[in-house]
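Working notes, structure below.
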Amino acid sequence: MSEIKISSIEMKSVLESLFIKNSFTKAQATVLAKIHTESTLDGIYSHGINRVPAFIDYINKGLIKTSAIATKTASMGSMERWNGNLGSGVLNALTCTNQAIKLAKTHGMGLVALKNTNHWMRGGTYGWRAAEQGCISILFTNTIPNMPAWGGKENRIGNNPLVIGIPRKEGHVVLDMALSQFSFGKMQSLDLKNEELPFVGGWDKNDKLSKHPKDIIDSRRALPVGYWKGSALSMILDMLATLLSAGNCTYKIGLKNNETALSQVFMCIDPSSFSDTEIQQNLLNEIIQFTHDGPSMKKGDRTFYPGERTLMTRKKSEIEGMQVNAKIWEEILLLLK
């Protein structure tokens, strides 16, 4: 697979022009270009630059309404419900993250539940945003059915991403994980490089666990993280997102044949509501240091806290540029014509 080096400045410029061409305002296009570029800078190609063609395809199919914005439908003190009106998942998620932060700053804790939205791309984007504003965050979304419940053969649950962010002076802690062993975006990235998964990631068409991304992409049957535990957690997150937002569950999303009209939850906590923020930072560092100090299984390896490698990748990409799949970049440039 051939790759080309792209700077963040060039990528933002190209993507902004592409989003303007597809009926977003300049302000919206600037935000969307920034978010996709930042995800790519952080090494999350699968939900950054690689996802752009699919995003444009959803716009062309009318599944993403470029003129739609999220609207508040109910307010209950520190909790609110919003309707995404099938607008951009990124713009809707940013709106709801910001609102959850605002509620947390007012009440100590804020929760925004969102229905009828689209794919939020990299969920970690909103965990990093909340952490930068000094808030702890717990965020999750449901998806189209793309995993079998443990013991089942057909896809009946989603790989429902879960994000937990904690602000930290020396580098924020941000967990960003799908509930499949590997996200489909990650498998697509490895397939583009003709690489295998490091561990089995799902079933092939012959019901055998496989390390080959294409086998799993073709079968559409990913393996739940933690086997039966991931299966149960997927169902719980789907239940919570559906109940809190009064939106669609994974089953209802699956009836649409396209991953749209999702339900999401944005919960933020302002730790400064307590008077011991310095102690909080010391406790965080104590946990991280204890993990770092442990012996590694293989010589030269070491452990990382959630988000640590992201910060390392971001720094490297800012200096060296991003190695982008040439085919994906060519496809994006063609969409501009």
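Overview of values
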| read-out | value |
| --- | --- |
| Distant-in-sequence amide H partners of Val225 (H built 1.01 Å from N, under 5 Å) | Ser180, Gln181 |
| Debye, to nearest 20: dipole size of segment 173-297, +1 on Lys, Arg Cβ, -1 on Asp, Glu Cβ | 760 debye |
| Mean-position separation - Cα centroids, segment 120-155 and segment 267-337, in angstrom | 17 Å |
| Karplus 3J(HN,Hα) series, Hz, for segment 170-184 with 6.51 cos²θ - 1.76 cosθ + 1.60 (x for Gly, Pro) | 7, x, 4, 9, 9, 8, 9, 9, 7, 8, 8, 3, 9, 5, 5 |
| Accessible-area composition of the chain, carbon plus sulfur, in percent [1.4 Å probe] | 56 percent |
| Aspartates and glutamates whose Cα lies under 12 Å from that of Lys186, excluding same-chain neighbours fewer than 8 positions away | Glu195, Glu196 |
| Which of Thr303, Gln99, Ala246, positive extreme of dipole for the chain (C-beta unit charges) | Ala246 |
| Karplus-derived 3J(HN,Hα), 6.51/-1.76/1.60, for each residue of segment 229-235, Hz, glycine and proline x | 5, x, 4, 5, 5, 4, 5 |
| Expected-Rg normalisation [2.2 N^0.38 Å, Cα atoms] applied to the chain | 0.98 |
| Area accessible to solvent at His107, 1.4 Å probe radius, in Å² | 100 Å² |
| For Arg156, distant residues with modelled amide H under 5 Å away | Met147, Ala149 |
| Set of aspartates and glutamates near Lys327 by C-alpha distance (under 15 Å), chain-local residues within fewer than 8 positions excluded | Glu3, Asp191 |
| Ile4-Arg314 FRET efficiency (beta carbon distance; Förster radius 22 Å; 0.05 resolution) | 0.65 |
| Karplus-derived HN-Hα couplings along segment 23-35 (A = 6.51, B = -1.76, C = 1.60, θ = phi - 60°), whole Hz, x at Gly and Pro | 6, 7, 5, 4, 5, 5, 4, 4, 5, 4, 5, 5, 5 |
| Amide hydrogen neighbours beyond the local backbone of His119, cut-off 5 Å, H modeled | Gly89 |
| Where no second cysteine Cβ lies under 4.7 Å, the cysteines concerned in the chain | Cys96, Cys249 |
| Cβ-based net charge around Ala27, under 12 Å, with every Lys or Arg adding one and every Asp or Glu removing one | +1 |
| CD proxy at 222 nm, helix term only [per DSSP H run n ≥ 4: -39500 (n - 2.57); per residue of the chain; nearest 500] | -13500 deg cm²/dmol |
| For the chain: accessible area per residue (Å², 1.4 Å) | 49 Å² |
| Exceeding the 23 Å Cα-Cα cut-off - candidates Lys21/Lys65; Lys153/Lys211; Lys105/Lys169; Lys21/Lys252 | Lys21/Lys252 |
| With at most 15 neighbouring Cβ atoms within 10 Å, loop chymotrypsin sites (Phe, Trp or Tyr not before Pro) (DSSP) excluded, longest segment of the chain | 1-198 |
| Most fluctuating residue given options Gly294, Gly87, Gly43, as computed from a GNM of the chain linking Cα atoms under 10 Å | Gly294 |
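The values are calculated or read from the model by the stated rules, or taken from the named source; none is laboratory data. In this text the structure is predicted, and so the values were computed from the model without any measurement. Quick reminder, even Gly has a Cβ in these numbers, built from the backbone with ideal geometry, and neighbours come from all protein chains shown. Just so you know, the surface numbers come from the protein's heavy atoms only, side chains and all, with ligands and any DNA or RNA stripped out. Shrake-Rupley method; radii C 1.70, N 1.55, O 1.52, S 1.80 Å.
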